[in-house]
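S.K.: What follows is a single structure, and I will ask about it in a moment.
Laboratory data are not the source of any read-out in this text; all were calculated from the coordinates shown. These figures come from a predicted structure and were not determined experimentally. Don't worry about glycine lacking a Cβ; one is built from the backbone with ideal geometry, like all the others, and counts go over all protein chains shown.
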Amino acid sequence: MTDDTFDLIVVGSGGGALTGAALAAKAGLSVVVLEKTDRCGGTSAYSGGACWLPGSAVQQRAGNADSTESARRYLAGLLDDPDKERIEAFLTHAPELVAELEDDPGFEFEWLAFPEYFDAPGRVPMGRSIQPVKIRRDAVVPEVAALVRPPLEQDRQGLAGRRTLTGGQALVARLLAMVFRDGGTVRTGHRVTGLLTSRDRVTGVRAGTADGPVELRARRGVLLASGGFEGDQPLRSRNGVPGEAAWTMAPSGTNTGEPILAAQELGAATALLDQGWFCPGPLQTDGRGSFALGVRSGLMVDATGRRYANECLPYDRFGRTMAQAPERVPSWFVFDDREGGRLPMIAMPEGDAAAHLEAGTWVRADTLDDLAAAMGVDAAVLGETVARFNGFAAEGADADFGRDADEYDTFFTGGPTLLPIGSPPFTAATFVLSDLGTKGGLVTDVHARVLRADGSAIDGLYASGNTSASVVGPVYPAPGVPLGTAMVFASLAVRHAAAG
Ligand code: FAD
């Protein structure tokens, strides 16, 4: 069938995929987006929409101290053994991509205050991340509004939708609108499981649909931008990814890695397969994880009742600390009644306190001794931990873990978070190791071409986002790196495919 041949096939519909599809459609290529679920956006639609795209006009307009050079210095200080060519490709193309997107009447970015995750040379005060400007839902064409995956609180908890699309919602809606406007095709319910080849070149994909298997052909290339394999427990276990599929933040039924496996069948090389973008996750009553940041008070202890890190660390850094010892997963977050028994942090979702207490994911008591008993922790150890922490709070300095010393620690509160555990009742919430996705996958080059182990490119095959091995390795340098890098390499893939 003629309409099953396109210039470019994009697999997945997150921020990277839709950037690639929008730019390809704008450049006059015929493009199809294949999405396995019935909604577009994946984890990108749940996200805050922060994009780490250094050196662009957006930071300049905001009077932000960002520059490509300072971003280069920042990454150089954080990354061990970086792929310098890909880092340079990212840094060079990031401002070009922002200019290209902002050149479109449907797209506008703004600077977003959000501190970078490491106190390292080149760091910019209050960060250099940018985000798509919010957009009213009724300003989006209905076919797009109907396709955008709902925000996390609506998708997972059934809460009300939003009249204004912000963050990742705005990103997905704006890009999807460009795809439709410029004649692109979007097919949901297409689960890509295989790649078609002809004379060593990728020429299309095989996908499962409700009506049976289909094949689609691509004249210029296939871009795999279909997330990682965070939702597949056997793949996680095989590759040693800490945490569990049940605890990931990826939407149900999304990222289970079939496209990565399909590329491996063609000889694609992989790297970083044990890595993810991690976060501490309040365990929910349905056994799933959650995303938490911005601690306002309280402390985290392991199964022995001892603190092990600054609770205000950027979430991936805290998650990695959790992963270092088995007694830290699960952990307990201990807090007092200063916020009326609610978790003193941003938690998405938090869950209902009464339901947590009923299910045992939270325990509550009027004394610390009784709390320790309910947690199954030695009361003397917990008492000592809390007394020591309260001493630090009185002194205004955390001698063990330096909490509140960094601008990130106090960003969400605007003031100290090192507050004593005081008024009862006391609550302990179970925390597991959650993630925003895996970040290991296909090895790619500066054009986002998928490479074999010998370094040769598989013609016609590109990858970006969590389908590819991250350009920043096992580090999460700053807010917006997952989306920023996914978008840049999808754009570079389209440039290469269009030129070929
Ligand atoms: P996704 O966005 O998950 O998209 C993958 C899509 O591919 C899905 O729709 C999936 O259904 C589809 N797919 C999978 N397999 C197939 C297949 N076989 N065939 C067809 N389709 C398939 N990152 C940032 O950079 N900035 C932020 O502000 C930010 N905030 C976050 C906030 C939250 C609450 C969460 C959960 C995450 C956040 N992240 C943020 C992380 C970021 O959202 C993800 O790392 C990123 O979106 C991953 O992009 P992706 O395109 O690789 O995958």
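S.K.: Report the label-to-label distance for Ala499 and Asp211 in nanometres (one decimal), using points 7 Å from each Cα along the Cα→Cβ vector.
M.R.: With each label point 7 Å from Cα toward Cβ, the separation is 3.8 nm.
S.K.: Averaging the inverse of every distinct alpha carbon separation and then flipping it gives the Kirkwood radius. What is it for the range 277-435, in angstrom units?
M.R.: 15.3
S.K.: If R₀ is 30 angstrom, what is the calculated FRET efficiency for the pair Ala380 and Asp286, using the beta carbon separation as r and rounding to 0.05?
M.R.: After rounding to 0.05, the efficiency reads 0.30.
S.K.: Test of understanding: extend the Cα→C-beta vector of Glu143 to 7 Å, then name every residue of the range 41-55 with backbone N under 12 Å from that spot.
M.R.: Answer for the range 41-55: none.
S.K.: Between Arg136 and Asp337, how many nm apart are label points set 7 Å from Cα along the C-beta direction?
M.R.: Here the modelled spin labels are 4.5 nm apart.
S.K.: Another question, then. How large is the Kirkwood hydrodynamic radius of the range 333-406, counting all unique pairs of alpha carbons, in Å?
M.R.: Every distinct Cα pair counted, the radius reaches 14.0 Å.
S.K.: Tell me, in nm to one decimal, what length is gained between Ala246 and Gln154 on full extension, where the rule is 0.36 nm per residue of separation less the Cα-Cα distance?
M.R.: Separation in residues times 0.36 nm, less the Cα-Cα distance, equals 31.3 nm.
S.K.: Still on this model: With r defined as the distance between the Cβ atoms of Arg181 and Glu110 and R0 fixed at 30 Å, what FRET efficiency is calculated, to the nearest 0.05?
M.R.: Efficiency, from the Cβ-Cβ distance: 0.85.
S.K.: On to the next question. With a ≥ b ≥ c taken as the square roots of the eigenvalues of the C-alpha gyration tensor of the range 103-168, please select rounded if a/c is under 1.5 and otherwise prolate if a/b is larger than b/c or oblate if it is not?
M.R.: Oblate, because a/c is 1.5 or more while a/b does not exceed b/c.
S.K.: Over the Cα atoms, compute the radius of gyration (one decimal) and Dmax (the largest Cα-Cα distance, rounded to a whole number) for the range 365-500, in Å.
M.R.: Computed over the Cα atoms of the range 365-500, radius of gyration and Dmax are 23.8, 69 Å.
S.K.: What is the distance, in nm, between label points placed 7 Å from the Cα along the Cα-to-Cβ direction at Leu357 and at Glu327?
M.R.: 2.9
S.K.: Can you find, among Gly42, Gly376, Gly20, the residue sitting farthest towards the positive end of the charge dipole of the chain, where Lys and Arg contribute +1 and Asp and Glu -1 at Cβ?
M.R.: Working it through, the farthest residue towards the positive pole turns out to be Gly20.
S.K.: Could you tell me which residue out of Ala353, Ala145, Gly414 lies farthest along the dipole of the chain toward its positive end? Charges go on the beta carbon: Lys and Arg +1, Asp and Glu -1, centred on the Cα centre.
M.R.: Positive-end residue among those listed: Ala145.
S.K.: Given DSSP loops and a limit of at most 10 other Cβ atoms within 10 Å, what is the longest stretch of the chain that contains no such trypsin sites (Lys or Arg not before Pro)?
M.R.: Details: sites that count: Arg163, Arg199.
Longest gap between qualifying sites, sites excluded: 200-500.
S.K.: Can you compute the FRET efficiency between Arg61 and Arg201 using 1/(1 + (r/R0)^6), with r the Cβ-Cβ distance and R0 = 35 Å? Round to the nearest 0.05.
M.R.: On the way: r = 43 Å, r/R0 = 1.22.
Computed FRET efficiency for Arg61 and Arg201: 0.25.
S.K.: Pull out a ≥ b ≥ c, the square roots of the eigenvalues of the alpha-carbon gyration tensor of the range 83-225, then state rounded if a/c is under 1.5, prolate if not and a/b is larger than b/c, and oblate in the remaining case.
M.R.: On the way: a/c = 1.92, a/b = 1.23, b/c = 1.56.
It is oblate, given that a/c is not under 1.5 and a/b is not larger than b/c.
S.K.: Moving on. Mind listing the long-range amide H neighbours of Phe229? Cut-off is under 5 Å, sequence gap 5 or more, other chains count too, H placed in the peptide plane at 1.01 Å from N.
M.R.: Thr438
S.K.: Mind jotting down the three principal axis lengths of the chain based on Cα atoms? Whole angstrom, largest first.
M.R.: Answer, in whole Å and largest first: 71, 50, 49 Å.
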